[in-house]
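Just so it is clear, none of the values below were taken in a lab; they were calculated from the coordinates. None of the values given here were measured: they were computed from a predicted structure. Don't worry about glycine lacking a Cβ; one is built from the backbone with ideal geometry, like all the others, and counts go over all protein chains shown.
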Amino acid sequence: MKPALMLTIFFMAGCTLSVNNQSKEALSSVTDLIGKTVEYRYGESVYHVTFDSDSTLHWEAIAGDEKGVVGQETYVAEFIKPGLLFISWGEANGINVSQVLDFNEGKVYNHLVRNRKADAGDGKIKIIP
């Protein structure tokens, strides 16, 4: 194998590990997230979601159109398998949020329902220190 190819493979493997900030085995229970903050990135919009307990979280928009908007939410969540979380909550503004957080791949799949209209999107996630 050529040295440049080996270096590329090594670099890509290192990037994959750093995206997760957690091993696949580390996140298998909602209690594993308590006290942790997850950064969500949807293009220019960035949100920090902090898990306060096994049923409450708070979030803040730190960049994008909603910068400065904050919320306290009661959520329900369940790990589908280690590293793969399904979570839902209803916001005071009437938006219902349902998400799949894939910590293994650093992705979020988002469904929002507002006034009976559903929208889907995706973004990137990582646990921040």
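If packing is taken as the mean number of other Cβ atoms within 10 Å per residue, what is the order of 68-74, 114-120, 46-52, highest first?
Averaged packing, sorted descending, gives the order 46-52, 68-74, 114-120.
Put a dot 7 Å past each Cα toward the Cβ at LYS36 and ILE127; how far apart are the dots in nm?
0.2
Starting with the fewest neighbours, write out PHE86, PHE103 ranked by other beta-carbon atoms found within 10 Å of each beta-carbon.
Placing the least packed residue first, the sequence is PHE86, PHE103.
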